[in-house]
1. Checking the conditions here, which among B:464, B:488 is of a type outside the set (Lys, Arg), part of a loop (DSSP other than H, G, I, E, B) and within 19 Å of residue B:385 (Cβ to Cβ)?
2. Being surrounded by fewer than 18 Cβ atoms within 10 Å (Cβ to Cβ) and of a type in the set (Asp, Glu) is the filter here, so list the residues in the range A:32-85 that pass it.
3. Do we have any residue at all in the range A:506-522 that's crowded, with 23+ Cβ neighbours inside 10 Å and within 14 Å of chain B (Cβ to nearest Cβ)?
4. When you scan the range B:379-438 for strands (runs of 3 or more DSSP E) that lie fully inside it, which ones turn up with 2 or more residues that are of a type in the set (A, V, I, L, M, F, W, C) and crowded, with 20+ Cβ neighbours inside 10 Å?
5. Mind listing whichever residues of the range A:538-553 are closer than 16 Å to residue A:103 by Cβ and away from chain B (no Cβ under 12 Å)?
6. If the Cβ limit is 6 Å and pairs must be 6+ apart or interchain, which residue in the range B:79-90 that is within 15 Å of residue B:238 (Cα to Cα) and touching a residue at least 12 places away in the same chain (Cβ under 8 Å) pairs with which residue that is part of a strand (DSSP E or B) and aliphatic (A, V, I, L, M)?
7. Residues to consider are B:373, B:410; find the one that is assigned by TED's automatic domain parsing to the domain that holds residue B:558 and over 11 Å from residue B:433 (Cβ atoms).
8. Residues of the range B:160-176 being of a type in the set (Gly, Ala, Ser) and surrounded by fewer than 17 Cβ atoms within 10 Å (Cβ to Cβ), which ones?
Protein chains: 2
Amino acid sequence: MVFARRPLLLFVFVSSLFVACVQAKVHHHKWEISYQFKSPDCLKKLAVTINGQTPGPTIYASEGDTVVVEVKNVLLTENAAIHWHGIRQIGTPWMDGTEGVTQCPILPGDTFTYRFVLDRAGTYMYHAHYGMQRSAGLNGMIVVRVPEGFKEPFTYDREHSILLNDWWHRSTYEQSAGLALPGKQFTWVGEPQSLLINGRGRFNCSLAVSGTCNSTHPECTPYMLTVVPGKTYRLRIASLTSLSALNFEIEGHSLTVVEADGHYVDPFVVKNLNLYSGETYSVIFKADQDPTRNYWVASNVVARKPGTPTGTGILHYYRVPRGRLPTTAPPTGPLWNDTMYRFNQSLAIHAHPSFNEPPPSKSDRMINLLNTQNRVNGLMRWSINNVSFDLPHTPYLIALKNNLHHVFEQRLPPDTYDVNTYDINTVPINPNATRSNSIYNLEFGSVVDVILQNANTLTPNNSEPHPWHLHGHDFWVLGYGLGKFNPELDPKKYNLKDPILKNTVVVHPLGWTALRFKADNPGVWAFHCHIESHFSMGMGIVFQEGVDKLGRLPEFIMGCGESKLGN
Amino acid sequence: MVFARRPLLLFVFVSSLFVACVQAKVHHHKWEISYQFKSPDCLKKLAVTINGQTPGPTIYASEGDTVVVEVKNVLLTENAAIHWHGIRQIGTPWMDGTEGVTQCPILPGDTFTYRFVLDRAGTYMYHAHYGMQRSAGLNGMIVVRVPEGFKEPFTYDREHSILLNDWWHRSTYEQSAGLALPGKQFTWVGEPQSLLINGRGRFNCSLAVSGTCNSTHPECTPYMLTVVPGKTYRLRIASLTSLSALNFEIEGHSLTVVEADGHYVDPFVVKNLNLYSGETYSVIFKADQDPTRNYWVASNVVARKPGTPTGTGILHYYRVPRGRLPTTAPPTGPLWNDTMYRFNQSLAIHAHPSFNEPPPSKSDRMINLLNTQNRVNGLMRWSINNVSFDLPHTPYLIALKNNLHHVFEQRLPPDTYDVNTYDINTVPINPNATRSNSIYNLEFGSVVDVILQNANTLTPNNSEPHPWHLHGHDFWVLGYGLGKFNPELDPKKYNLKDPILKNTVVVHPLGWTALRFKADNPGVWAFHCHIESHFSMGMGIVFQEGVDKLGRLPEFIMGCGESKLGN
């Protein structure tokens, strides 16, 4: 007998299986996706909601638990798909919810059942990964608690979750159609009208040029965070902005950062925290200020000249009347164009010493990705190494597994660009780019380095931060730089000792970010700028690794493009 | 040999086949459905377009020709389907374009190729048959000319086509979501903002509460119909309004009605013509007025208190400067609530004596359909015999052919209502109704009578006309009445001598309309109020006949609901 040779190991294996079976729970959720009129910033607008709400319900579970979400699409003519942002979907790549990559969209009337394991405690999110539905309201948070008995490297009395977002009065149909117009015909998108804290903002109704704006609508009552003097709080903060880089602050209260994207970090104290779309953090703060007044909770646009007023909520000391607004002015955050301030905060983050998992010391492959803004056939696009990404209509996972080679470009995209000569400080000399849906093949189990390089846009003296999100993995952030990456010198300065693990990281204006990950999760994984319109406009790539190791794909992910019945 | 017994017949058959092959053409069209910003009434709005246009391109062909339309959906997240209104799809029921009935919707990125024969000359239309996309702009006309050598029963020098529509500034997403809200929460829909003539209207920009309104935008230049004095014109007029019953008039020019829904009618002269959504007419007029001035072409709302200004175009006598507007006031049409005026025009239409195909003298089945307005779980709905219709998400045609009995309610809907006791003149005493997707089974080849009975709505002293459209067939219009149908007396007054054949007919306020058709076209066919929101709210039924006679269904109509891969 094979097993007889390893009786002890077998025993350990069976016992741990038993423990897992006893403790891990299955959480069932039934969601209906529908249109609803909502007034999150007091202006009534059609939103895509979950069970009538935006943001959708927060999913609470513990590490190791299984979440089952039956998503019924009751939109009239529009499909849907939901991505579980930060959940690696180990062994279940078809549950990643990325339309065009891992599944076909969910048709009106259909129910798609997502089922996956929450493999690690932390703060995560979910959101639509189809068209621009995310910013239409289809989003929410996932809070994964540590297993019972596990001690986190910090303590607190209570916890709260805060989802930050920006909000637009134009519909996402208008926005996406506008982005697809050549030239500068479309000037509607501009800046978001409001910043939301847990789905609540406040538009100045006297500025409303259209629609119904009601400044006393209960849906735009400011978010209120009630605290008891002397108590300590954990705040789980997530940003799902469409566009805006944000700075978050609680007036008068310093924040100790303890978690980023599901990983414990070496605690550091900030007056305010910069968050880029797709990032999550946990911060600890103590209700240690004058308990006879309330304080502002504030979110401000940074890194782009703000055209959106401060988003505000209330930190409410529980003996103070709830409705009493602070008499102080809301915090306005750091200077919007103080790149160094944000850069230094990026550098301040290190893995927690007790939870440090250092990266492999070397990589097997280095991919240099230059982010540029381009004009393809008169259309504004974003490109990576001069390739502007388009999603295919047959998901890659199905195409690869079922050998449908013709559904996407088989020529491989470039691993690098003219690193030595490209001038990142000027507008692109030749802004033309190729549109393609080709993808990167990664050797299974290999260690991959990616250096993301930012550059000047088509506007002189302009470069914006781009938060890049990797599906199916965490990556180590080996280093950040301002200016052009130097392949000789900069790798020598990589932090290989205690870099943080993340799933989303910012590339600063005219800067670079280097990251490393192990291609050990069989599947097909998007890697893209988390600004929704930037991904729509081509700022992304796709990795495949170990698809041959996957068993038969579930048929319920199919039904579109070449995976229709009869094809 | 079997054929040897009928040598002459075989010869005739082969010859006529040869003639058909020589003459019948195949017309190929490639269409892309996309969002575009359009200003049909001077206010910029996102529209669903075909090749960038709304209305879409007119299809011109001749009787017997085949039309092939490759419809590529390039919308971002929204599906589509196109119905060929008035084309009976004999032998091709899967080409009818009715989502939920004959096909699955076309997904973004997919191309669906419609291919069908235009079996009869006449004036037809096409439009989306999915959600409320029709009123988002996805519509156009089909002009089928007579075969060469065929003499029509009237003459003219030139012809023009006119598509009438109403236009809303709210998006169809907002409208459909509003209709799905319980109670009276949604008061946005109301009346259309503009009436369009060939996609051109004129909103008073000073009333614009939102958006970009430019009264000199070229897209809202009035439609101009240029004529040469003394010449005779055929006008093919079609109405695809979402809601409005219309009256069409050319100032100072009488119109001779010669065709209705593809059938020649005994010519009759009108000052103006009432059209209900889904109807088409041909009229003949002579450019016989003062040729030194221009005249108004006008469309007015009737049968509903007008909240929409007159839609205007210009009849341009070719020597007059094109841009010169008439100095007269545009025609305002008949009194909006003059039901008798419209009723009498309905009665004036008879089949042309030389093209009269009288109906079978008797029917095999009589179906009495009471149209009521109801409130189901707080939601405003329309019902037929107390059943408010819902479309299934697996098309009936596929479900029936592939024995998927569970995808729709198998209990048959009622053939009648409490004819003797129901009081059509009051608001429904018990406004509750059942929602169901059950359908009517018709015996193949049988003759069916349908009596549509209108009733008072939920508003006291209110009843509106409903234009009912039957797919896959024409029907004889046996009679109209005002008041309640009397099953003893009214059938005796049926016109069995020269009733017109139509595919769409109005049921007047508080009135009834009796029609007869032969269930001889194997397939599944919707029969519904052509007011887009009314069908959405349940005002329709579905007939099936002879589905067992159909061969294997084409797989490209599948892919949704239970017809997905793997089901």
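1. On the way: B:488 fails: within 19 Å of residue B:385 (Cβ to Cβ).
Just one listed residue meets the conditions, B:464.
2. Correct list: A:32, A:70.
3. no
4. Working: elements: B:379-384, B:387-389, B:434-436.
Here the list reads B:379-384, B:387-389.
5. A:542, A:544, A:547, A:550
6. B:85/B:125
7. Working: B:373 fails: over 11 Å from residue B:433 (Cβ atoms).
B:410 is the lone residue from the list that is assigned by TED's automatic domain parsing to the domain that holds residue B:558 and over 11 Å from residue B:433 (Cβ atoms).
8. Restricting attention to the range B:160-176, the residues satisfying the condition of being of a type in the set (Gly, Ala, Ser) are B:161, B:171, B:176.
None; the set is empty.
The values are calculated or read from the model by the stated rules, or taken from the named source; none is laboratory data. No experiment lies behind these values; they were computed from the predicted model shown. Backbone-built Cβ (ideal geometry, glycine too); neighbour counts: all protein chains shown.
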